[in-house]
1. Considering each of Val125, Val219 in turn, give the residue that is modelled with pLDDT of 90 or more, closer than 28 Å to Lys256 by Cα and surrounded by 12 or more Cβ atoms within 10 Å (Cβ to Cβ).
2. Looking for something surrounded by fewer than 18 Cβ atoms within 10 Å (Cβ to Cβ), in contact with a strand residue (DSSP E or B) (Cβ under 7 Å, 6 or more places away or on another chain) and not aromatic (Phe, Trp, Tyr) - is there at least one such residue anywhere in segment 26-34?
3. Condition check: farther than 28 Å from Phe179 by Cα, of a type outside the set (A, V, I, L, M, F, W, C) and out of contact with any Phe, Trp or Tyr (no Cβ under 8 Å at 6 or more places or on another chain). Does Lys79 satisfy that?
4. Please determine whether any residue of segment 114-132 is without any contact (Cβ under 8 Å) to a residue 24 or more places away in the chain and more than 17 Å from Thr217 (Cα to Cα).
5. Quick one: in segment 1-41, which of the residues that are acidic (Asp, Glu) and more than 19 Å from Ser70 (Cβ to Cβ) is modelled with the lowest pLDDT?
6. Got a sec? Which strands (runs of 3 or more DSSP E) wholly within segment 42-130 have at least 3 residues that are aliphatic (A, V, I, L, M) and assigned by TED's automatic domain parsing to the domain that holds Leu29?
7. Take the residues of segment 57-80 that are charged (D, E, K, R) and more than 13 Å from Lys106 (Cα to Cα): which is modelled with the highest pLDDT?
8. Any chance you could count how many residues in segment 171-211 are assigned to a loop (DSSP other than H, G, I, E, B) and closer than 14 Å to Phe128 by Cβ?
Amino acid sequence: MNSFLPGLYIVSTPIGNLEDITLRALNVLKNSDKILCEDTRRSIKLLNHYDIKKNLVSNHKFNEKKNIKSVIELIQSGKIISIISDAGTPILSDPGLVLLRECIKKNINIFPIPGVSAITTAISVSGFDDKYLFYGFLPKKIKDLEKVFDEINNYDFSIVFFIPAIKINFYLKYFKIFFKDRSIFIGREMTKIHETFYRGSIDNFKNFESSTKGELTVVLSKKNLKKNNHFSVDERKLNKEISSYLKRYTLKDVVKLVSEKNNLPKKMIYNLCLKIKKK
């Protein structure tokens, strides 16, 4: 007979090295009635490594809403249900939030079982300021991406993203436009045998080879602006950029976005905006 209370257990698992799991996490998994996971093929490797014989239930973004009723009923009948992700801490940029909110709504016991997270792992070795913003996975559409970058570039914190390796060069192109005043850290295969770290200024960062695989954890530093009273401006290019933004945003927002993005005085951008609006 175990001493665990019925409820939902949010269990952190390794992000690569299978030894990076807590004793408490192993104990919870061994005593769970069911374990919800993203991909049973990946999670079974962890369970087999620790000789844990439990029923795995697939729980991903395409079926998690359908699972809610049956999972809630199991917990209410006195069962211990754990949820794990493919790697790291569940819920964060992973399935499970819908279930978690339903458990909160129904006043069901929720137990966090902390452990490894790619977010804190990357921040800890990045060398950047430890005040950070976690964003997660970025939008795929350029319009949505530009909107997100316009917004988060206003925050003077380190910023953490999850990016599939196959898409890294696409996002690097936009990092160089929106975050050229920052440095970048990229963690690949963290905690695994082929763990690799990449560092540099965004402006000079080289593209990855197309054969790069896996998921990357990317950290941008806080802003590193150098004050300079001399401005080298391609006014034609700047006017084009301002005209594009004026079609989508207010004058006030355009002034703020363009001045911060290009490290130029707001008064200068404001005057250019007025000129363009008069045309």
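The values are calculated or read from the model by the stated rules, or taken from the named source; none is laboratory data. All of these numbers come straight from a predicted model, not from anything done at the bench. Cβ sites come from the backbone with ideal geometry, for glycine too, and all protein chains shown count toward neighbours.
1. Val219
2. yes
3. So Lys79 passes the test.
4. No, there is no match, as no residue in segment 114-132 is without any contact (Cβ under 8 Å) to a residue 24 or more places away in the chain and more than 17 Å from Thr217 (Cα to Cα).
5. Across segment 1-41, the extreme among qualifying residues is Asp39.
6. Filter on segment 42-130 gives 80-83.
7. Going through the qualifying residues, I end up with Lys79.
8. Result for segment 171-211: 3.
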